[in-house]
Amino acid sequence: MSVCGIVLCVGCYATGWLALGCFKPRFVWCILKFSSPKRVFFLTVSLARANSNSFAHRGELRKAKRIVVKLGSAVVTRGDECGLALGRLASVVEQVAMLQNQGREMMIVTSGAVAFGKQRLRHEILLSQSVRQALHSGQNQLKDMSVPVLEARACAAAGQSGLMALYEAMFAQYSTCTAQVLVTNLDFHDDQKRRNLNSTLQELLRMNIVPIINTNDAVVPPPEPNSDLQGVISIKDNDSLAARLAVEMKADLLIALSDVEGLYDSPPGTDDAKLIDIFYPGDQLSITYGTKSRVGIGGMEAKVKAALWALQGGTSVVIANGTHPKVTGHVITDIVEGKKVGTFFSEVKPAGPTVEQQTEMARNSGRTLAALHPDQRGEIICHLADLLVEKKEEILAANKMDMDLAVNAGQLSPALLNRLSLSPAKLNSLAIGLRQIAVASQDSVGRVLRRTRVAHNLELEQITVPIGVLLVIFEARPDCLPQVSALAIASGNALLAKGGKEAANTNRILHELTQEALDIHWVKEAVQLVSTREEVEDLCRLDEMIDLIIPRGSSQLVRNIQSAAKGIPVLGHSEGICHVYIDSEAAIDKVIKIVRDSKCDYPAACNAMETLLVHRDILRTPLFDQIIDMLRTEQVKIHAGPRFASYLTFSPSEVKSLRTEYGDLECCVEVVDTMQEAIDHIHRYGSSHTDVIVTENDTAERFLQQLDSACVFWNASSRFADGYRFGLGAEVGISTARIHARGPVGLEGLLTTKWVLRGDGHTAADFSEQGTMKYLHENLPVTQPHIQ
């Protein structure tokens, strides 16, 4: 730290206005206003920069310590350009204060003084005119009053104090102190003034004060064209001011908020305009610029120039929309959290395509895949099954690398390690399942479900078609990749697969084998593995590119995705709270086998039993004792439900919630009086996944009919709720949804339908009262087309 000089503070404590500068002559360089008066400071400046390089990836923005937030005129001002948008300003202040309270150093570069002053001066002029006219003509004879064109510098002079007072009042709600700094371009040209500015800002940040910075528009001259010094950006607008300030202050991040979502590859609003997620130096030659925003003097070209200059100086930049009512309240914090908001400027270009490019490639190739003959899609799947067996050693070697890393990290539970592990037996089972899918794919896409003769020579068909682009997100379960790939291929869907980092090596080789199989019919890009740093929440926002999300993993993962995917359907279940009900007429041998298999075969599975319901008549019988002994032998921890606990003098630990998915060798035991009570209990505490009744009484049919779960079994283990065991070949997951697909979702669940109408010049007018044709609506036999 080096001291610039003793600070001279001259001003009025009552108002808080201070003029600062060095004792050396000619160096009073700016006007400051503190929201807390009666403070005199010695200013120091740190000349060392902690981070000389910008962040390469969005995820690294969480590390940003010093942040500059630039508020464009369109963000700060109202739509009529006369006055401030108080709601937006309040949300910005709240976010900045929140980040400041997290220990970050926040600075704001703001517009709005001219708009605020314009509102104020118009009011004063109108009031003055009305008073004069009232004195000369009487109050009832006022003439039409017109407001003259107001000079911008005068508006700025009238608006600065009010703008700062507003910021002070808003930040005071969060116990945050602010200080105003007004600068001009000349302050950056003079080395001493620049050092003074740097010193002041450093000291303000050290004292946890938020500097509010703006150009001194009351005195600033109009910008001169091409006035940038070599290698230095001149201050023409608040974009260039923010960039220059961010570099001077060695900020980690510059957030530039305007009235557009970010940078587009063509003018926003045009048909083919696409938001650019990441912008790299040199890419500016491939884009065109539209018009400027409704207010301000910059425009997108100025923003890009300022952003690239700041990036070159070591500051990361994000340009985003600060006016959208749905995102304004969290746009700044979302950016700092690394979420995909606006356009991120980066100097590091990734080796592979972006996820948007991957999605586009998958969709295009997927359409070709859907147009293939069913035999060709079957050949691809069979070839993938063969590769799983032929390349077994390579797959297992990659899986061993993942297992070793996971064991050494010590962060995965035994259940998750079991899911992560592959074996020759698992690969053989996968290959068998894939061949079943290949057979089932023969009559999947293009199958006629319904035919109707609407009128003479007017026939309607409903046929099956692919859904489009699937996004499957799975955790530490690499066997999921070939399964869902085969199902996507069979149904003609494009696939984006996002696997857990724990299985990165295994997923990579399995994806390579999948693409090798696809390449025999030149549709290699139909299945894409998302291996970038894309957050799951960001992927869930691609609602214009992805048609269905299928999560495979923990209930927490599923809930997170269901919450994040606002515009994309999610197929899955958030919990697998499966019940096994032991009726009073259950057979002993069946009970022991079914309960053991349902709970102990694979406790981490979503179709494992979590609650054992026992009829009251079974308590204190040899059957009940055998059930408890078996569970203890299998080392299952028992939690007593409220009613079960009431029957016991010394009970196991009482359950905290009857709606619990343990996912381990634990279960709840509860007592019910009747089968109907068991049904009611499952409806209240279950998750509509899989539920079982064990009984020899035919009244079980009522259990099967009345219970509203995706899978309901009689005298069979809950572990049968599986696509492979159902003969579907494989499944993409188990759905507890009420529409489209329910239960284990195989090939059929990945198809939708479209209507095909074949006519001969028919028009709707032909069927009007004056028309010559009548509707027939005859059901026709369903015949499948012969595909060449």
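The values are calculated or read from the model by the stated rules, or taken from the named source; none is laboratory data. Keep in mind it's a predicted model, so treat the numbers as computed, not measured. Cβ: placed from backbone, ideal geometry, glycine included. Neighbour counts: every protein chain shown. Accessible surface areas use protein heavy atoms only, side chains included; no ligands, DNA or RNA. Shrake-Rupley method; radii C 1.70, N 1.55, O 1.52, S 1.80 Å.
Open to solvent by less than 50 Å² (accessible area, probe 1.4 Å) and within 26 Å of residue 469 (Cα to Cα): does that describe residue 377?
yes
Exactly one of (1) open to solvent by 50 Å² or more (accessible area, probe 1.4 Å); (2) of a type outside the set (Asp, Glu); (3) on the phi < 0 side of the Ramachandran plot is unmet by residue 628. Its number?
If we test residue 628 against (1) open to solvent by 50 Å² or more (accessible area, probe 1.4 Å); (2) of a type outside the set (Asp, Glu); (3) on the phi < 0 side of the Ramachandran plot, just (1) comes out false.
For region 741-759, indicate whether the set of residues that are touching a Gly at 6+ places or on another chain (Cβ under 6 Å), outside any loop (DSSP other than H, G, I, E, B) and not assigned by the TED database to the domain that holds residue 451 is non-empty.
yes
Suppose we keep only residues that are of a type in the set (A, V, I, L, M, F, W, C) and not in a helix (DSSP H, G or I) within region 328-374. Which one would you say is nearest to residue 97 (Cα to Cα)?
It comes out as 341.
Please specify each residue of region 528-551 satisfying the condition of being under 22 Å from residue 466 (Cα atoms), open to solvent by 20 Å² or more (accessible area, probe 1.4 Å) and at pLDDT below 85.
Matches in region 528-551: 541 only.
Take the conditions buried (at least 17 other Cβ atoms within 10 Å of the Cβ), touching a Phe, Trp or Tyr at 6+ places or on another chain (Cβ under 7 Å), under 28 Å from residue 417 (Cα atoms) and modelled with pLDDT of 95 or more and apply them to residue 669. Does it pass?
Spelling it out, residue 669 is indeed buried (at least 17 other Cβ atoms within 10 Å of the Cβ), touching a Phe, Trp or Tyr at 6+ places or on another chain (Cβ under 7 Å), under 28 Å from residue 417 (Cα atoms) and modelled with pLDDT of 95 or more.
Would you mention how many residues in region 501-524 are surrounded by fewer than 24 Cβ atoms within 10 Å (Cβ to Cβ) and either in a helix (DSSP H, G or I) or at negative phi (or both)?
So the count comes out to 16.
Identify, from the list 757, 751, the residue that is open to solvent by less than 80 Å² (accessible area, probe 1.4 Å) and at pLDDT 90 or above.
From the options 757, 751, the qualifying one is 751.
Here are 465, 469: which of them is more than 20 Å from residue 528 (Cβ to Cβ), modelled with pLDDT of 95 or more and in the same structural domain as residue 527 (by the TED database)?
Of 465, 469, the one residue that is more than 20 Å from residue 528 (Cβ to Cβ), modelled with pLDDT of 95 or more and in the same structural domain as residue 527 (by the TED database) is 465.
Would region 699-710 turn up any residue that is at pLDDT below 95, open to solvent by 40 Å² or more (accessible area, probe 1.4 Å), outside the structural domain of residue 435 (by the TED database) and assigned to a strand (DSSP E or B)?
Checked region 699-710: no residue is at pLDDT below 95, open to solvent by 40 Å² or more (accessible area, probe 1.4 Å), outside the structural domain of residue 435 (by the TED database) and assigned to a strand (DSSP E or B).
Here's a check for you: in region 295-331, which residue that is among the polar types (S, T, N, Q) and within 20 Å of residue 112 (Cβ to Cβ) is modelled with the lowest pLDDT?
Checking each candidate, the answer is 328.
The conditions are (1) farther than 27 Å from residue 365 by Cβ; (2) open to solvent by less than 10 Å² (accessible area, probe 1.4 Å); (3) of a type outside the set (Ser, Thr, Tyr), and residue 590 fails exactly one of them. Which is it?
If we test residue 590 against (1) farther than 27 Å from residue 365 by Cβ; (2) open to solvent by less than 10 Å² (accessible area, probe 1.4 Å); (3) of a type outside the set (Ser, Thr, Tyr), just (2) comes out false.
Select, from 729, 771, the only residue that is within 28 Å of residue 491 (Cα to Cα) and open to solvent by less than 30 Å² (accessible area, probe 1.4 Å).
Of the residues listed, the single one that is within 28 Å of residue 491 (Cα to Cα) and open to solvent by less than 30 Å² (accessible area, probe 1.4 Å) is 729.
Criterion first (closer than 23 Å to residue 734 by Cβ and buried (at least 22 other Cβ atoms within 10 Å of the Cβ)) does residue 664 satisfy it?
no
Taking the criterion of being in a loop (DSSP other than H, G, I, E, B), in contact (Cβ under 8 Å) with a residue 60 or more places away in the chain and not acidic (Asp, Glu), would at least one residue in region 483-491 satisfy it?
Yes, region 483-491 has at least one match.
Just one of the numbered conditions (1) charged (D, E, K, R); (2) out of contact with any helix residue (DSSP H, G or I) (no Cβ under 7 Å at 6 or more places or on another chain); (3) crowded, with 21+ Cβ neighbours inside 10 Å is not true of residue 691; which one?
Unmet condition: (2).
Here are some residues: 678, 645. Which one is touching a residue at least 40 places away in the same chain (Cβ under 8 Å), in a helix (DSSP H, G or I) and either among the aliphatic types (A, V, I, L, M) or open to solvent by less than 30 Å² (accessible area, probe 1.4 Å) (or both)?
Going through 678, 645 in turn, the sole match is 678.
Among the candidates 78, 88, 62, 104, single out the residue that is open to solvent by 10 Å² or more (accessible area, probe 1.4 Å), touching a strand residue (DSSP E or B) at 6+ places or on another chain (Cβ under 8 Å), assigned by the TED database to the domain that holds residue 258 and modelled with pLDDT of 80 or more.
104
Does residue 721 qualify as being assigned by the TED database to the domain that holds residue 611, within 15 Å of residue 745 (Cα to Cα), open to solvent by less than 20 Å² (accessible area, probe 1.4 Å) and in contact with a strand residue (DSSP E or B) (Cβ under 9 Å, 6 or more places away or on another chain)?
yes
Report, by residue number, each residue of region 250-285 that is under 22 Å from the mean Cα position of the chain (by Cα), open to solvent by 40 Å² or more (accessible area, probe 1.4 Å) and of a type in the set (S, T, N, Q).
Of everything in region 250-285, nothing turns out to be under 22 Å from the mean Cα position of the chain (by Cα), open to solvent by 40 Å² or more (accessible area, probe 1.4 Å) and of a type in the set (S, T, N, Q).
Residue under question is residue 766, and the condition is that it be part of a loop (DSSP other than H, G, I, E, B), closer than 27 Å to residue 461 by Cβ and at pLDDT 90 or above; does it hold?
No, not satisfied.
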